[in-house]
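Q: Below is one structure. I have some questions about it.
The values are calculated or read from the model by the stated rules, or taken from the named source; none is laboratory data. Not measured: the values here are computed from a predicted model. Note that we place each Cβ from the backbone using ideal geometry, even for glycine, and neighbour counts take in every protein chain shown. Note: areas computed on protein heavy atoms with side chains; ligands, DNA, RNA excluded. Shrake-Rupley method; radii C 1.70, N 1.55, O 1.52, S 1.80 Å.
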Protein chains: 2
Amino acid sequence: MDESQPSLDDAFGRILARCWAAGAAPWSAVEIIERDDALLGASDAARYFAEPDAWSPLERRGWELASGRVLDMGCGAGRHAVAWAAKGLEVVGVDPSPGAVRVTRERGVDAVEGSVAQLPRDLGAFDTLALFGNGLGLLAGPAQAPAVLAALAAAARPGAVLLGMGTDPGDDPAHADYHARNLRRGRARGQLRIRVRDGATATPWFDYWLAAPAELTAAVEASPWTLDSLERAPEGPGYLAVLRL
Amino acid sequence: MDESQPSLDDAFGRILARCWAAGAAPWSAVEIIERDDALLGASDAARYFAEPDAWSPLERRGWELASGRVLDMGCGAGRHAVAWAAKGLEVVGVDPSPGAVRVTRERGVDAVEGSVAQLPRDLGAFDTLALFGNGLGLLAGPAQAPAVLAALAAAARPGAVLLGMGTDPGDDPAHADYHARNLRRGRARGQLRIRVRDGATATPWFDYWLAAPAELTAAVEASPWTLDSLERAPEGPGYLAVLRL
């Protein structure tokens, strides 16, 4: 065992559980994300519990578009799922993190372990497929995205809508080297390779795609979905994409 | 260049500068400390700016023991130095971090780059040598400590006092593996090897010794200093050591 490497564990779930145990108080748990170029970022895990009035206007508007039976992919601590359930919608959360699933369930919403790549087969069909909280990152990359979108389409009822929040990688000079490195390696500019770290533990590395709107559009065109609208936040790199079958 | 390694830089100073620029607001900057077994810890850098009324009673009591001309080794953001200067004492801060020195100076206290291993020669002599804010960690280890203590003695006026705050490594099961690993490697149990990380940067690795009181006593006995008192905090692993020549 390489003692200089963290041990593989549910670091993300550990962080959410600690924050939840502390009443989701600000900074009661810090999420550390490591990028594969050794960049570390630290942020307040309480944002995974933020109430709707703390969301961005775009996020709130996207959230309001959900209807019927909702699949919340990458549900995290249930930030959106809990609010949908409170509104009377039937929600199932899916997250690869056992700890995230546990916290979401403790908050009263149905949730199961799984990922977009390995969607549990017995979940039934949905009217809304939600990739919120920058969940479009879970499309993983241009090569993987069409298959992920197809898997979500397979879980969709006729007339279903896919609601996704994404982030334009932009041209921040601070990330120019990383974007160039990705291109050199045949990856998309904003195709992050990251893992969550907590104490001496880390999740597996995974791809998380910050797709520019044009990149997302191309991925959608290679999928069963049609891009209905793509709205940028008035400020910042975020956007809301609405896809239909 | 190994792209999976952070670049060597003044990560500690960057964190303090960011916190200072934000008015030392809570969680305006996060300090990430990496231990050489891949343990990461995240904490609020605003603690480096804490005012005396936020210190522990033991820290405040130790701080009050300073008199005359004070050398603040590892002054950080000047937490103790600024308060000593406000009390009318003459203080010189020393820190290996250029950013820490800059922040301390901006707060109106004299400070210079240096370390216990490389104490600037032209600082003059001091009545009080302070290793605060767990500064006894700077003794680095049982092998290095006597030389560090001798270097501090060389900067001391007759009758000088050395005030040091330390931490007993204790027997927390969470750190048992690390302590055992240290012993296997011929190191002291609580002899941490750590570095500060910020973004894509890191300080060099350095030894930081959490010495049990008996270990500290032995190190002092091999130095020009005499242990006058060692007071444990009523709760927790902290202690205050008072040394005289």
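Q: Could you say whether any residue in region B:78-87 is within 14 Å of chain A (Cβ to nearest Cβ), assigned to a loop (DSSP other than H, G, I, E, B) and closer than 30 Å to B:P146 by Cβ? Give the steps one after another, and end with the answer.
A: Going through region B:78-87, the residues within 14 Å of chain A (Cβ to nearest Cβ) turn out to be none.
Within region B:78-87, not a single residue is within 14 Å of chain A (Cβ to nearest Cβ), assigned to a loop (DSSP other than H, G, I, E, B) and closer than 30 Å to B:P146 by Cβ.
Q: Which ones in region B:1-25 are surrounded by 14 or more Cβ atoms within 10 Å (Cβ to Cβ) and part of a loop (DSSP other than H, G, I, E, B)?
A: Of everything in region B:1-25, those that are surrounded by 14 or more Cβ atoms within 10 Å (Cβ to Cβ) and part of a loop (DSSP other than H, G, I, E, B) turn out to be B:P6, B:D9, B:D10, B:A22, B:A24.
Q: Output the number of residues of region B:113-123 satisfying the condition of being at pLDDT 95 or above and over 20 Å from B:G164 (Cβ atoms).
A: Residues in region B:113-123 being at pLDDT 95 or above and over 20 Å from B:G164 (Cβ atoms): 1 in total.
Q: In region A:35-51, is there at least one residue being more than 25 Å from A:R193 (Cα to Cα), surrounded by 14 or more Cβ atoms within 10 Å (Cβ to Cβ) and under 17 Å from the mean Cα position of the chain (by Cα)?
A: Yes, there is a match, as at least one residue in region A:35-51 is more than 25 Å from A:R193 (Cα to Cα), surrounded by 14 or more Cβ atoms within 10 Å (Cβ to Cβ) and under 17 Å from the mean Cα position of the chain (by Cα).
Q: While we're looking at this one, here's another question. If we only count strands (runs of 3 or more DSSP E) wholly inside region B:206-245, which ones have 1 or more residues that are farther than 22 Å from B:R61 by Cα?
A: B:206-209
Q: Which residues, counting only those in region A:182-204, are over 15 Å from A:G13 (Cα atoms) and surrounded by 14 or more Cβ atoms within 10 Å (Cβ to Cβ)? Walk me through how you get there before you give the answer.
A: Within region A:182-204, the first condition is being over 15 Å from A:G13 (Cα atoms), and the residues that meet it are A:182-194.
Within region A:182-204, A:N182, A:R187, A:A188, A:R189, A:G190, A:Q191, A:L192, A:R193, A:I194 meet the criteria.
Q: Of (1) within 14 Å of chain A (Cβ to nearest Cβ); (2) in contact with a Phe, Trp or Tyr (Cβ under 7 Å, 6 or more places away or on another chain), B:S28 satisfies all except one. Which?
A: (2)
Q: Quick one: would you say A:A42 is away from every other protein chain (no Cβ under 13 Å) and not hydroxyl-bearing (S, T, Y)?
A: So A:A42 fails the test.
Q: In region B:22-34, how many residues are touching a residue at least 12 places away in the same chain (Cβ under 8 Å) and farther than 15 Å from B:T201 by Cα? Steps first, please.
A: Step one: of region B:22-34, the residues touching a residue at least 12 places away in the same chain (Cβ under 8 Å) are B:24-34.
Subsequent filtering for residues that are farther than 15 Å from B:T201 by Cα retains B:24-28.
Matching residues across region B:22-34 total 5.
Q: Return the residues of region A:183-205 that are touching a residue at least 12 places away in the same chain (Cβ under 8 Å), assigned to a loop (DSSP other than H, G, I, E, B) and not aromatic (F, W, Y); say none if nothing qualifies.
A: A:R187, A:A188, A:R189, A:G190, A:A200, A:T203, A:P204
Q: Taking the conditions exactly as written (acidic (D, E), under 19 Å from the mean Cα position of the chain (by Cα), modelled with pLDDT of 95 or more and within 25 Å of B:R35 (Cβ to Cβ)), does B:E231 satisfy them or not?
A: no
Q: Right, here's the next one. When you scan region B:215-245, how many residues do you find that are over 26 Å from B:W55 (Cβ atoms) and open to solvent by 50 Å² or more (accessible area, probe 1.4 Å)?
A: 6
Q: Quickly run through region A:154-175 and pick out the residues that are over 27 Å from A:A117 (Cα atoms) and at pLDDT 95 or above.
A: none
Q: Of the numbered conditions (1) of a type in the set (S, T, N, Q); (2) over 16 Å from the mean Cα position of the chain (by Cα); (3) within 14 Å of another protein chain (Cβ to nearest Cβ), A:T203 satisfies every one except a single condition; which is it?
A: If we test A:T203 against (1) of a type in the set (S, T, N, Q); (2) over 16 Å from the mean Cα position of the chain (by Cα); (3) within 14 Å of another protein chain (Cβ to nearest Cβ), just (2) comes out false.
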